[in-house]
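A short worksheet on the structure shown next.
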Amino acid sequence: MKKTMSLLVLICIATSLTACHKEVEEVATVTATEVKIQQPQKLIISAENISELKEVRSLNTKESVTCKWSSDGKTFWLVGLQEAKLYDSATFGEVAGYDVSEYAALYDVSSDGSTLAYSLDGAEIILYDVLKQDEIRIIQPDFYYHYASFSPDGKFLAIMSLDEIQANIWDVSTGKNVTTLEGFMTAAPVYSGRIAEDGKTFLWISRGTVQPMNIESKTMGPEFSHEDFVTSIALSPDGKILATTAAGTVNGEFTPLVKLWDPASGEELGYFTNADPFTSLTLSPNGSILAAGTKKTVIIWDAKNHNQLTTLLAYDEYINSLAFSPDGTQLVSCGTEGTVKIWKIVK
C-alpha cells in the first residue's frame, strides 16, 4: 500500500512539473512576442511630426567635417581634410576609419559604407576599403583632374577634368571609363559637378550658375542663374525639386537665399530668406522636407508648401553639412568646429 502511495505521489509530481514546464514555455513565448511588438517604431520626419524632432546623440571631431550616410542607414561617414571615419548610427561608436596622410587629397566616400577615394600624387586615384583596411583598385585617368566624387549608389566615380570642362564617369567595380559628359559652357575659370541624388542627373556648377544634364541622353537642362556664388545645391531623389543657396535681391535688399526650382522647366518654385548666409542644404528622401544650415541653426521647411516648420537651435558654429538617412527617419548635422548631432522624432 505504501509503495502504491509513493508511486502515485511521484506521478503527480512529474505531471505537475510537466504542466509547469509547459506554462513556463507559454509565458516565455508570450513575453518574447510582447517584447517584439513593443519595439520602438522608426518614424519618418515629416511636416506633421516635425515639432517632435529632437537631438538624440552628439559628438565632437575637433575639426570641420562633412557627413554622408551609407545606403543601408546603419552607418554614416564623417569626412575631414585627410581622414574619413565610419560611425554606427545607433550607438555613435566608431566602426572604422582611414587617414590618407598629410599630403594626400581625400576626394569622397561611398554610400556602400566601406570605400573612399583619394590620391597621393594627383595622377592616380586609389579606391580603399576602410573595413578591410586594403586597397580595392587604382584608377589612372589619362588627363589632369581636380576632383572626384561617387554616385549616390556608389557604383560610379565622376572625375572632373582640369584642362577641359568635362566629367568622366568610371565604373568602380571594373575601373573602366564608361562615359564622358561635356557641353556645359562657362567663362569662369573654375567649375565643379557631381552626379545628383536621383542618380540620373549630372549637376554642373560654376560661380552663380547651375545646370542639370541627363546622364543617359547627355542633353542639357535649363540654366539656373544667381546673382552671387552658389554655395550648396541639392536635388530631390525623385528629380522633381532642385534647391540652391546663393545671395540675391529681394524687395531691394541683397540677402541670403534658398531657392527652389523645377529642374525640368527651369521655373522658380519659391524662395526663403535669412539674415545669415546659408552654408549647407539637403532634401529628405521623399522630397517633402528641406533642411538648410546657417549660423548656429538648422532651418527646416515644407518643400512642397514652402512653409517654415521649425528651427533647430543647438550650435555655436555654422552648420556646414546636413544629410537625411536613406529611410528619412534621421538627420545628421555637422558644424564648422566639429560638432556632430543626430536628430530623430521622439514621441
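If you go through the range 269-295 and keep only what is outside any loop (DSSP other than H, G, I, E, B) and of a type in the set (Gly, Ala, Ser), you end up with Gly270, Ser280, Ala291, Ala292, Gly293.
The condition (being within 16 Å of Ile233 (Cα to Cα), of a type outside the set (Ser, Thr, Tyr), surrounded by 19 or more Cβ atoms within 10 Å (Cβ to Cβ) and in contact (Cβ under 8 Å) with a residue 24 or more places away in the chain) is satisfied by just one residue among Val332, Val258: Val258. So, Ile125, is that one of a type in the set (A, V, I, L, M), within 29 Å of Thr180 (Cβ to Cβ), assigned by TED's automatic domain parsing to the domain that holds Gly335 and modelled with pLDDT of 95 or more or not? Criteria met by Ile125.
Among the residues of the range 178-201, those that are in a strand (DSSP E or B) and closer than 13 Å to Ala148 by Cα comprise Ser192, Gly193, Arg194, Ile195. For the range 135-174, how many residues meet the condition of being farther than 19 Å from Val79 by Cα, assigned to a loop (DSSP other than H, G, I, E, B) and touching a residue at least 40 places away in the same chain (Cβ under 8 Å)? Residues flagged as farther than 19 Å from Val79 by Cα, assigned to a loop (DSSP other than H, G, I, E, B) and touching a residue at least 40 places away in the same chain (Cβ under 8 Å) within the range 135-174 amount to 1.
Look at Thr279 and say whether it is in contact (Cβ under 8 Å) with a residue 40 or more places away in the chain, surrounded by fewer than 22 Cβ atoms within 10 Å (Cβ to Cβ) and either aliphatic (A, V, I, L, M) or at negative phi (or both). Taking the combined requirement at face value, the residue satisfies it. Check the range 328-335 and report whether any residue there is β-branched (Val, Ile, Thr), part of a loop (DSSP other than H, G, I, E, B) and either touching a Ser or Thr at 6+ places or on another chain (Cβ under 7 Å) or under 16 Å from Asn49 (Cβ atoms) (or both). So far as the range 328-335 goes, yes, one or more of its residues are β-branched (Val, Ile, Thr), part of a loop (DSSP other than H, G, I, E, B) and either touching a Ser or Thr at 6+ places or on another chain (Cβ under 7 Å) or under 16 Å from Asn49 (Cβ atoms) (or both). In the range 309-321, the count of residues that are part of a loop (DSSP other than H, G, I, E, B) and either modelled with pLDDT of 95 or more or surrounded by fewer than 22 Cβ atoms within 10 Å (Cβ to Cβ) (or both) is zero.
The single residue among Ser51, Ser71 that is polar (S, T, N, Q), assigned by TED's automatic domain parsing to the domain that holds Ser149 and assigned to a loop (DSSP other than H, G, I, E, B) turns out to be Ser71. Of the residues in the range 187-204, not one is more than 18 Å from the chain's Cα centre (by Cα), within 26 Å of Gln308 (Cβ to Cβ) and surrounded by 16 or more Cβ atoms within 10 Å (Cβ to Cβ).
Among the residues of the range 215-232, those identified as touching a Leu at 6+ places or on another chain (Cβ under 8 Å) and buried (at least 19 other Cβ atoms within 10 Å of the Cβ) are Ile215, Phe224, Ser232. Taking the range 100-125 on its own, how many of its residues are buried (at least 22 other Cβ atoms within 10 Å of the Cβ) and either basic (Lys, Arg) or over 21 Å from Ile195 (Cα atoms) (or both)? Adding up the residues that qualify gives 0.
The values are calculated or read from the model by the stated rules, or taken from the named source; none is laboratory data. Since the model is a prediction, treat every value here as computed from it, not as a measurement. Virtual Cβ from ideal backbone geometry, glycine too; neighbours counted across all protein chains shown.
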